[in-house]
Amino acid sequence: MSEAVEYERIGDIAVLAANNPPVNALGVDVRRGLLAGIERAEAEGAKAVLIYGKGRTYFAGADIREFGKPPQEPWLPGLCDRIEASPLLLVSALHGTALGGGLEVALSSHYRIAVPSAKVGLPEVNLGILPGAGGTQRLPRVAGVEAALDMITTGRHVRADEALKLGVIDKVQDGDPREIGLAYAQELLDAGAPRRAVGEMPAPDPVDFDAVYEAVLKKGRGQLSPAVAVRAVQAACEAPSFAEGMARERELFMQLMESDQRKGLIHAFFAERAVGKLPELKGVEPRLVHQIGVIGGGTMGAGIATSALLAGLPVTLLEMTQEAAHAAKDRIAGNLAGALKRGKISQQQHDAILSDQLQLATGYDSLSAVDLVIEAVFEDMDVKKQVFAQLDAVCKPGAVLATNTSYLDVNEIAAATTRPQDVIGLHFFSPAHVMKLLEIVVADKTVPEVVATGFALGHQMKKVSVRAGVCDGFIGNRILSTYRTCADHMVLDGASPFQIDKALTDFGFAMGPFAVSDLAGLDIGWAVRKRKRAEGLDPRARDSSYADKLCEAGHFGQKTGQGFYAYEKGKRGGTPNPEVLDLIAADRAAQGITPRTFTDDEIVRRYMVSMVNEAAKVVGEGIARRPLDVDVVLLYGYGFPRYRGGPLKWADLQGLPGILDDIRAWSAEDDYFWQPAPLLEKLVAEGRCFDDLNKDAQ
Ligand code: TC6
């Protein structure tokens, strides 16, 4: 027996206990152990086999780390068939999360029992593949095609009570998985229950698979795995035999396994778990945070306060006047009503948060007892410095002083206090109670304890936290500023904002850059441009005025009903604003530019290459620790298509030499904007890629 599966004999029942922490992934040792256990049970004359997982869960799936490596026998599909074909009575007892290959092992067992807190699911499509160990053939046979399609194409985790109703499990019972499993197996033996092989059940009734395929493809915005999985379920209904359905599942599975989307999605899975692992924080204890202060109750401050309240932290919210404080409370109440509606909190929790957990204040003294304070006031250095000087005067020693600035110099803000070691940037993304990204900006004097406190807070708020260094815009907004500039250059040279937006949503972005500007408010970009012009633009930098003209006319995007697009009240999305094209034409004429045409491919290539080049600078300068940190920021903060893995994963998959060639070619037309990142040049010269740097940093 392998150590990953322990064998025990209780009367007529052989017990196979998986022991592969932390999540009992079905790696080769576990697969070998299960096979050996079943063979031994059969050889020893046991009458039933119970499979369960030690520790926190039944199998949470195949071992994702094995994907892309040479497969080792026994393979999971064959193992599942072997389990199902056993002449003994096979029972699985589920707790924790029975996911992917885990649920497939359970579906190969003849009976399934689960504790009430267990969840089941087939989330493979989220990793760019499909259930490849019989899940697409067995689940529709037990739950029906409609429920199977829902579970397989969304990958959602289904609670035990729902799984029972769907027929995915046979019994729900509270208790220890080993004990309830043993009792259930004995009960089945005593009742003379027959072997019940799902693969021998009749094929399920078909639905209109072409219609489902089209709908799923559209919903996936270019992600292929959910749509391909529909075809595998179709085979469960239409293939002449179960074995032929399995063969079709395998064929489709292998297609997806080879795809770049699989590589991108699995990169994203591991990257989002790696961002919080900082070697410099090993053994560093975060400071205790029992209550926090938020300064400023606008959209951002109210969102941050909501996020803290939902994480169970009492909040003191500071505003300039009673009126503004009450307006902030209304915003928070609106956010909490949304959380209540989505079932994230109960009515009781909602009411308790509003009545007991939120304090409004108008004087800095009210912040004297908080453990951490987040400033979310107007984005102006002088205003921020005044706030921090006041905080320095009132906050208790050891309190963490955080700024939510999205561009400004955190070192300069820290210098306004006598305790720069306690100052940090906590850059939330709007709406802060919804968006999962948190950039943790570490200034020169910030001590590790304070950084660890930022990560602990992010964890408590269920954020994906990424460490960033200090520079204009940190990781995300600095890169955004470059690819947004690239889009502006393409507009000046002949592309329309609408063509650019369409090309990029076709590429998979949630929104194009001009629609994003409309959503964020055109005044924000306008303020940044004015600040940068006041600081002095490099004479070689290209500038444009068409967006300023929109702002001068009072058009700030969605909030004023007009921007690059025109918005009708009550309608989602806008229609292209034709005035924009006139403003652009005037700008081109004033600059003596003759417009040319762009293909959608060229638009995407330039936009992406500019993003990759700036990202390489951000990594090269140490603003981001590793390429994967940049990828996670773009995935969680900027609507980057997850199935492409992030800009630097995309770059690796495209090939870095070609990207560098393009930058060099385009620098002939603009050698200021298209300056190759030294890190990119180095990687190309050494024949390496960004992922090599991720591995170096492990
Ligand atoms: C499949 O089954 C295909 C079958 C067909 C084959 C033919 N493999 O998320 P956490 C690691 S595809 C390897 O922090 P949680 C994870 O990287 C798979 N490693 O914990 C982390 O490692 P670290 C279908 C895995 O409690 C540690 O475990 N299954 C795997 O927040 C803890 O993870 C899925 O897609 C794995 N399968 O959430 C499920 N899973 O500590 C994927 C986790 O070194 N997993 N690890 O950083 C999850 O959704 C979650 O991990 C969870 C637990 C809900 C199981």
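Within segment 293-308, the presence of at least one residue that is surrounded by 18 or more Cβ atoms within 10 Å (Cβ to Cβ), assigned to a loop (DSSP other than H, G, I, E, B) and not assigned by TED's automatic domain parsing to the domain that holds Pro131 is confirmed.
Filtering segment 226-258 to residues that are in a helix (DSSP H, G or I), more than 14 Å from the ligand (Cβ to nearest atom), closer than 18 Å to Val198 by Cβ and among the aliphatic types (A, V, I, L, M) leaves Val233, Ala235, Ala236, Ala243. Please go through segment 360-386 and pick out each residue that is of a type in the set (Val, Ile, Thr) and farther than 25 Å from Ala333 by Cβ. Answer for segment 360-386, where residues must be of a type in the set (Val, Ile, Thr) and farther than 25 Å from Ala333 by Cβ: just Val383. Within segment 55-80, being near the ligand (Cβ under 6 Å from one of its atoms), of a type outside the set (Asp, Glu), within 13 Å of Ala133 (Cβ to Cβ) and assigned to a loop (DSSP other than H, G, I, E, B) holds for one residue alone: Gly61. Is it true that Arg606 is on the phi < 0 side of the Ramachandran plot, in a helix (DSSP H, G or I) and at pLDDT 95 or above? Against the criterion (on the phi < 0 side of the Ramachandran plot, in a helix (DSSP H, G or I) and at pLDDT 95 or above), Arg606 qualifies. Gly220 fulfils the conditions (1) modelled with pLDDT of 95 or more; (2) more than 15 Å from the ligand (Cβ to nearest atom); (3) open to solvent by less than 40 Å² (accessible area, probe 1.4 Å) except for a single criterion, (1).
Look through Ala487, Ala503, Ala510 and report the one residue that is buried (at least 21 other Cβ atoms within 10 Å of the Cβ) and within 16 Å of Tyr638 (Cβ to Cβ).
When all the criteria are applied, what remains is Ala487.
Kindly provide the set of residues from segment 316-332 that are more than 14 Å from Tyr364 (Cα to Cα), touching a helix residue (DSSP H, G or I) at 6+ places or on another chain (Cβ under 6 Å) and either among the hydroxyl-bearing types (Ser, Thr, Tyr) or open to solvent by less than 70 Å² (accessible area, probe 1.4 Å) (or both), ordered by number. Listed by number, the residues that qualify are Ala328, Ile332.
Of all residues in segment 4-32, those satisfying the criterion of being more than 16 Å from the ligand (Cβ to nearest atom) and either small (Gly, Ala, Ser) or over 33 Å from the mean Cα position of the chain (by Cα) (or both) are Glu6, Tyr7, Glu8, Arg9, Ile10, Gly11, Asp12, Ile13, Ala14, Val15, Leu16, Ala17. Exactly one residue out of Ala211, Ala203 is away from the ligand (no atom under 16 Å from the Cβ), open to solvent by 30 Å² or more (accessible area, probe 1.4 Å) and closer than 30 Å to Arg644 by Cα, and it is Ala211.
Considering only residues that are small (Gly, Ala, Ser) and within 15 Å of the ligand (Cβ to nearest atom), which ones fall in segment 93-126? Of everything in segment 93-126, those that are small (Gly, Ala, Ser) and within 15 Å of the ligand (Cβ to nearest atom) turn out to be Gly96, Ala98, Gly100, Gly101, Gly102, Ala106, Ser108, Ser117, Ala118, Gly121. In segment 93-107, the residues that are hydroxyl-bearing (Ser, Thr, Tyr) reach residues that are open to solvent by less than 10 Å² (accessible area, probe 1.4 Å) and more than 7 Å from the ligand (Cβ to nearest atom) with C-beta atoms within less than 9 angstrom, at least six apart or across chains, in these pairs: Thr97/Tyr58; Thr97/Phe59; Thr97/Ala118; Thr97/Val120; Thr97/Gly121. Here the condition is being touching a residue at least 60 places away in the same chain (Cβ under 8 Å), within 34 Å of the chain's Cα centre (by Cα) and assigned to a helix (DSSP H, G or I); of Val387, Val370, Val383, it holds for Val387 alone.
On inspection, Val289 qualifies as open to solvent by 20 Å² or more (accessible area, probe 1.4 Å), in the same structural domain as Lys436 (by TED's automatic domain parsing) and not in a helix (DSSP H, G or I). Figure legend. Inter-residue proximity from segment 282-304: first residues of a type in the set (Lys, Arg), second residues surrounded by 18 or more Cβ atoms within 10 Å (Cβ to Cβ), beta-carbon distance below 6 Å, spacing 6+ or different chains. Indicated pairs: Arg287/Thr453. Tell me whether segment 500-522 contains one or more residues that are within 17 Å of Ala402 (Cα to Cα) and assigned to a helix (DSSP H, G or I). No: zero hits. Applying the selection to segment 233-249, what residues are surrounded by fewer than 17 Cβ atoms within 10 Å (Cβ to Cβ) and not hydrophobic (A, V, I, L, M, F, W, C)? Within segment 233-249, Glu238, Pro240, Ser241, Glu244 qualify.
Per-residue answers, yes or no, for (1) outside any helix (DSSP H, G or I); (2) under 27 Å from Gly55 (Cα atoms); (3) touching a Phe, Trp or Tyr at 6+ places or on another chain (Cβ under 8 Å); (4) open to solvent by 20 Å² or more (accessible area, probe 1.4 Å):
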| position | (1), (2), (3), (4) |
| --- | --- |
| Gln137 | no, no, yes, no |
| Thr153 | no, no, no, yes |
| Leu164 | no, yes, no, yes |
| Gly181 | no, yes, yes, no |
| Ala193 | yes, no, yes, yes |
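Taken over segment 26-54, residues that are aliphatic (A, V, I, L, M), part of a helix (DSSP H, G or I) and open to solvent by less than 10 Å² (accessible area, probe 1.4 Å) amount to 4.
The values are calculated or read from the model by the stated rules, or taken from the named source; none is laboratory data. Quantities reported herein were computed from a predicted structural model and do not represent experimental measurements. So basically every Cβ, Gly included, is an ideal-geometry build from the backbone, and we count neighbours across all protein chains shown. The accessibility values were calculated without ligands, DNA or RNA, using every heavy atom of the protein model including side chains. Shrake-Rupley method; radii C 1.70, N 1.55, O 1.52, S 1.80 Å.
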